[in-house]
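Working notes for the structure below.
The values are calculated or read from the model by the stated rules, or taken from the named source; none is laboratory data. The structure displayed is predicted, hence computed values, not measured ones. Cβ placement follows ideal geometry from the backbone for every residue including glycine, while neighbour counts extend to all protein chains displayed. Heads up: the accessible areas ignore ligands, DNA and RNA and are worked out on the full protein's heavy atoms, side chains in. Shrake-Rupley method; radii C 1.70, N 1.55, O 1.52, S 1.80 Å.
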Amino acid sequence: QKAMNKQKQQTAKRVAAAPTDIPDPISRNESKEVDVTLRPEEVTAEVEDGVTFNYMTYNGQVPGPMIRVRKGDTVNLTFENPAENDMPHNVDFHAAAGPGGGAEATMTAPGETAHLKFEATYPGAYIYHCAVPNMDMHISAGMFGIILVEPEEGLPEVDHEFYFGQHEIYTDKRPGEKGQHNFDIESMKREEPTYVVMNGEKYACTPDKYGAGKVQTGDTARVFFVTGGPNLTSSFHPIGNVWEKLWPEGSLTTKPQTHIQTKQVAPGSTTVATMGFPVPGAFKLVDHSLTRVARKGCMAIVAAEGE
Amino acid sequence: QKAMNKQKQQTAKRVAAAPTDIPDPISRNESKEVDVTLRPEEVTAEVEDGVTFNYMTYNGQVPGPMIRVRKGDTVNLTFENPAENDMPHNVDFHAAAGPGGGAEATMTAPGETAHLKFEATYPGAYIYHCAVPNMDMHISAGMFGIILVEPEEGLPEVDHEFYFGQHEIYTDKRPGEKGQHNFDIESMKREEPTYVVMNGEKYACTPDKYGAGKVQTGDTARVFFVTGGPNLTSSFHPIGNVWEKLWPEGSLTTKPQTHIQTKQVAPGSTTVATMGFPVPGAFKLVDHSLTRVARKGCMAIVAAEGE
Amino acid sequence: QKAMNKQKQQTAKRVAAAPTDIPDPISRNESKEVDVTLRPEEVTAEVEDGVTFNYMTYNGQVPGPMIRVRKGDTVNLTFENPAENDMPHNVDFHAAAGPGGGAEATMTAPGETAHLKFEATYPGAYIYHCAVPNMDMHISAGMFGIILVEPEEGLPEVDHEFYFGQHEIYTDKRPGEKGQHNFDIESMKREEPTYVVMNGEKYACTPDKYGAGKVQTGDTARVFFVTGGPNLTSSFHPIGNVWEKLWPEGSLTTKPQTHIQTKQVAPGSTTVATMGFPVPGAFKLVDHSLTRVARKGCMAIVAAEGE
Ligand SMILES: [Cu+2]
Ligand SMILES: [Cu+2]
Ligand SMILES: [Cu+2]
Ligand SMILES: [Cu+2]
Ligand SMILES: [Cu+2]
Ligand SMILES: [Cu+2]
Ligand code: NA
Ligand code: NA
Ligand code: NA
Ligand code: NA
Ligand code: NA
Ligand code: NA
Ligand SMILES: [Zn+2]
Ligand SMILES: [Zn+2]
Ligand SMILES: [Zn+2]
Ligand SMILES: [Zn+2]
Ligand SMILES: [Zn+2]
Ligand SMILES: [Zn+2]
Ligand SMILES: [Zn+2]
Ligand SMILES: [Zn+2]
Ligand SMILES: [Zn+2]
């Protein structure tokens with residue numbers, strides 16, 4: 001915690017992942033080896049205007065880069081812990097079969113690089129996250145993302161795809177209090193976060209910050225959603241809309257639910273869900289534990305333009 | 001919060017919705033326009049004997065009136081914010097497709113009336129709730145209910161239907177402490193309610209208060225259940241019974257689960273579930289987070305009479 | 001609470017149930033009467049080294065003995081409250097149809113014995129638990145377990161079966177603080193436990209304590225998991241693995257999900273899930289609310305040996 005709260009980190013303008021920064025859908029009919037590089041980066045950045053926090057990220061973004069492979073592919077991971085870091089890091093893929101999901105093989109001190117190869121055998125959207133002993137702290141600092149394992153036959157076509165991740169930030173100050181917020185282990189033990197955010201920052205994916213996701217009226221979209229946690233369940237709801245089809249727990253081998261208003265996504269789990277846009281307007285994606293929305297920063301927007 | 005806690009409100013004897021106050025099942029084979037009136041009413045009433053609270057309600061009851069339409073029907077809503085109120089209110093229907101689910105169109109100051117028309121296109125039981133900026137506070141004060149959208153073919157016949165809604169009340173006093181309880185925003189931020197109730201008041205639908213729901217041994221019943229929240233998930237369980245069939249998330253286009261002991265119902269979601277009564281007796285419906293039952297008021301009863 | 005915290009109880013070396021102490025799978029083709037004896041035992045034991053707590057248990061273990069019957073069987077229960085106890089106890093079976101699930105019939109003071117007979121009519125894994133008025137306290141002290149009702153055709157063959165139960169312990173001290181921890185009702189009201197454990201003790205089923213569950217590489221296993229609560233949901237995850245098939249809410253008449261990374265198991269509910277062991281190593285079973293794992297004691301291990 002001390003190491004985490006000291007001020008010698010890199011400064012970033014933005015940690016929020018762009019919700020459209022997603023690899024293309026897979027059209028291959030055969031397996032291949034997919035090269036992936038993850039770099040744990042410790043950076044100071046703003047949670048909201050005037051509020052800074054020492055994030056830990058994969059590749060400088062929250063959630064970390066979305067990885068996309070096909071069932072049967074081999075993930076060929078390079079894990080580079082930069083020398084400028086202060087802490088060891090690693091990565092546990094829920095899509096990897098084997099103790100720790102790769103955490104032991106990728107455990108690295110600053111300045112070290114590790115390699116990991118694994119075959120992706122279960123179709124679904126799986127979380128990956130840091131799994132050092134203080135894993136709850138590292139996830140709360142931003143170290144989580146999605147690896148999508150497409151089924152062999154691929155996914156149904158949609159017009160747009162979006163990528164969002166929710167997590168909790170536990171600090172020693174109150175939401176909105178200006179200045180540097182240090183990580184606070186006591187509020188994490190009580191599971192009482194200061195901020196609950198989508199894509200790492202308060203209202204990151206809204207017009208007031210980096211902009212909403214954009215579609216045209218009549219389009220379809222698929223949302224990949226991950227709850228990093230480390231502790232709270234998201235009750236994931238699209239205001240003014242429903243999840244047309246929703247794959248519980250991110251499993252793509254289980255039949256989807258239809259017309260779902262609100263779906264719980266556990267910490268350390270995901271959901272894959274589609275939505276339609278029969279009418280134009282701004283559709284807010286929220287955790288329906290609404291105090292987190294109204295007072296703690298948890299919201300993203302997808303806006304449909306055109307009549 | 002100040003506006004909410006001042007004492008010039010109307011006084012009500014009872015805010016608890018009668019669990020049998022449900023529109024009749026639909027037998028129509030064609031769509032129609034259904035007129036609905038919702039009146040946000042700010043009233044002071046008892047949470048339990050000697051404990052008063054400034055509720056906000058739809059039509060004076062918690063949960064608000066159950067609305068029942070058929071897929072394809074048009075809801076023709078009149079939304080009347082009475083002049084005696086102190087606050088703006090609105091309504092967001094999870095069954096309405098469009099930004100805010102109708103919240104913008106119905107946003108009204110005291111003394112104003114608004115109109116909203118929408119087509120109900122997804123079969124299921126959907127929550128409606130107030131969605132002003134302080135929406136967590138308004139829901140915690142009682143502003144939520146169910147709109148049921150029956151599938152075109154209707155619902156299976158049962159002998160009885162019941163309507164229950166769970167929500168949290170956050171106050172500045174302890175459970176049972178006599179006098180006026182004021183709304184407390186800090187405990188809401190911690191998600192630590194003073195009361196967790198079904199139908200707005202402590203043990204409202206039990207013999208000690210307004211009476212249990214009543215069936216005959218051998219009957220079947222369907223329960224419409226909504227978690228208003230604003231924050232906590234209900235682990236909904238019928239003591240001494242199971243949910244024979246249960247439609248997760250209130251979706252009526254998804255296959256039901258069977259023989260379910262306990263089902264999580266997220267804040268901002270619902271469930272539809274059936275139960276049988278092979279033996280007589282009082283069946284307590286609870287949130288199986290049992291401290292809420294034993295210490296915070298969360299229970300309703302359905303009693304089967306006859307051998 | 002006073003009665004619970006006084007020191008005249010029996011001392012036990014261990015309350016953790018052995019995860020392999022499970023009745024054999026059922027191969028019968030006809031119903032029978034199954035005799036079961038439950039003894040509520042109040043015992044002082046260690047949560048971790050140097051930390052003692054006054055547990056309440058069924059038969060001295062947490063979770064209580066796993067009971068295994070076949071749909072249509074009659075459970076013939078003897079419930080013996082030993083004279084050395086200080087408190088009344090009973091048992092509520094979620095598998096029993098009838099008010100209280102047997103709680104009234106089994107309500108006994110110390111020194112009393114009660115009898116209960118019921119037919120198990122719904123296939124599934126159901127929790128049983130103490131249901132005296134302070135039921136949240138009794139469950140938090142350890143009084144919960146599983147009764148498995150096999151479907152008539154039995155369960156698919158697996159190489160191993162394991163039995164785990166998660167619950168929260170609320171005390172007046174901090175995790176790891178040496179000495180006697182007394183039960184603390186205030187932290188239970190806040191739903192902020194001191195410990196969250198699997199099988200009653202910190203890291204009970206791991207090599208540092210009583211040993212991991214053991215399988216051979218290539219084996220299959222079925223896990224019976226119960227969340228006693230009394231309040232928190234478990235986000236149940238096998239690190240480095242997935243739940244190959246998972247029966248939500250423990251219902252065995254509902255289609256299982258497949259390839260599930262993390263599944264919420266509500267307090268007062270269960271799950272039945274299978275896992276494979278394609279590679280050797282130690283697979284940690286956790287609640288993915290990871291602060292409970294890293295700081296409060298919640299983990300069990302199943303280890304696969306052989307290449
Ligand atoms: Cu990390
Ligand atoms: Cu994980
Ligand atoms: Cu309102
Ligand atoms: Cu809503
Ligand atoms: Cu007990
Ligand atoms: Cu129970
Ligand atoms: Na729904
Ligand atoms: Na709290
Ligand atoms: Na209520
Ligand atoms: Na069940
Ligand atoms: Na808490
Ligand atoms: Na999954
Ligand atoms: Zn790390
Ligand atoms: Zn649809
Ligand atoms: Zn309002
Ligand atoms: Zn009847
Ligand atoms: Zn049945
Ligand atoms: Zn007891
Ligand atoms: Zn607290
Ligand atoms: Zn074996
Ligand atoms: Zn598989």
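Cross-linked pairs A:Lys32/C:Lys245; B:Lys117/B:Lys296; C:Lys117/C:Lys214; A:Lys296/C:Lys189; A:Lys284/B:Lys255; A:Lys178/A:Lys245: Cα-Cα separations exceed 31 Å for B:Lys117/B:Lys296; C:Lys117/C:Lys214; A:Lys178/A:Lys245. Heavy atoms of chains C and A lose about 2800 Å² of accessible surface on contact, summed over both sides with a 1.4 Å probe. In the protein assembly as shown, inverting the average of 1/r over every pair of distinct C-alpha atoms gives 27.8 Å as the Kirkwood radius. Taking A:Arg295, A:Arg28, A:Arg14 as the candidate residues, the one with maximal mean-square fluctuation in a Gaussian network model of chain A, Cα springs under 10 Å, is A:Arg28.
Summing +1 for each Lys or Arg and -1 for each Asp or Glu among the other residues whose beta-carbon sits under 14 angstrom from that of B:His115 gives -3. The mean count of C-beta atoms from other chains within 10 Å of the C-beta of residues in A:278-291, rounded to a whole number, is 6.
Under a no-solvent Debye model with one identical scatterer per Cα of the stretch C:44-95, what's log10 I(q)/I(0) at q = 0.18, 0.25, 0.26 Å⁻¹? Log10 I(q)/I(0), no solvent term: -0.78, -1.16, -1.21.
Report, to one decimal in Å, the Kirkwood hydrodynamic radius for chain C based on all distinct Cα pairs.
Every distinct Cα pair counted, the radius reaches 19.2 Å.
For A:Leu38, the shell of other residues with beta-carbons less than 12 Å away shows a net charge of -3, using +1 for Lys and Arg and -1 for Asp and Glu.
The spread of Cα positions in the stretch A:83-238, taken along each principal axis and listed from longest to shortest, comes to 45, 41, 29 Å.
Net charge around A:Thr57, counting only other residues with Cβ within less than 10 Å of its Cβ (Lys, Arg = +1; Asp, Glu = -1)?
That sum, taken over residues with Cβ under 10 Å, equals -1.
Taking the centroid of alpha carbons for each part, the stretch B:180-250 and the stretch A:144-202 are 30 Å apart. Taking Cα centroids, how far is the stretch B:266-307 from the stretch A:115-143 in Å? Rounded to whole Å, the Cα centres lie 39 Å apart. Contact-buried residues of the stretch C:98-126, at a threshold of 20 Å² lost accessible area versus the chain by itself: C:Gly98, C:Pro99, C:Gly100, C:Tyr122, C:Tyr126 (1.4 Å probe; DNA, RNA and ligands ignored). Pick out which of A:Ile22, A:Ile127, A:Ile169 has the largest mean-square fluctuation in a Gaussian network model of chain A, springs linking Cα atoms closer than 10 Å. Comparing A:Ile22, A:Ile127, A:Ile169 in the GNM, the peak value goes to A:Ile22. Across peptide C:184-191, the average count of Cβ atoms from other chains found within 10 Å of a residue's Cβ is 4.
Placing a label point 7 Å from the Cα of A:Asp35 along the Cα-to-Cβ direction, the distances to the matching points in the other copies come to 7.1, 7.1 nm, shortest first.
In plain terms, if you count all Cα to Cα distances in the stretch B:160-305 and split them into 10 Å steps from zero, the share in each step is 12, 42, 32, 12, 2 percent.
In the elastic network of chain A, a GNM with C-alpha springs shorter than 10 Å, the most mobile of A:Val15, A:Val215, A:Val91 is A:Val215. Once all protein chains are placed together, A:Val43 keeps about 10 Å² accessible to a 1.4 angstrom probe. If you take the Cα centroid of the stretch C:47-114 and the Cα centroid of the stretch B:1-74, the two points sit 42 Å apart.
Using Stokes-Einstein with the Kirkwood hydrodynamic radius over Cα pairs, what translational diffusion coefficient do you get for the stretch A:2-150 at 10 °C and a viscosity of 1.306 mPa s, in µm²/s rounded to a whole number?
The calculation lands on 102 µm²/s.
Peptide B:229-238 is shielded by partner chain Cβ atoms: per residue, an average of 5 of them sit within 10 Å of its Cβ.
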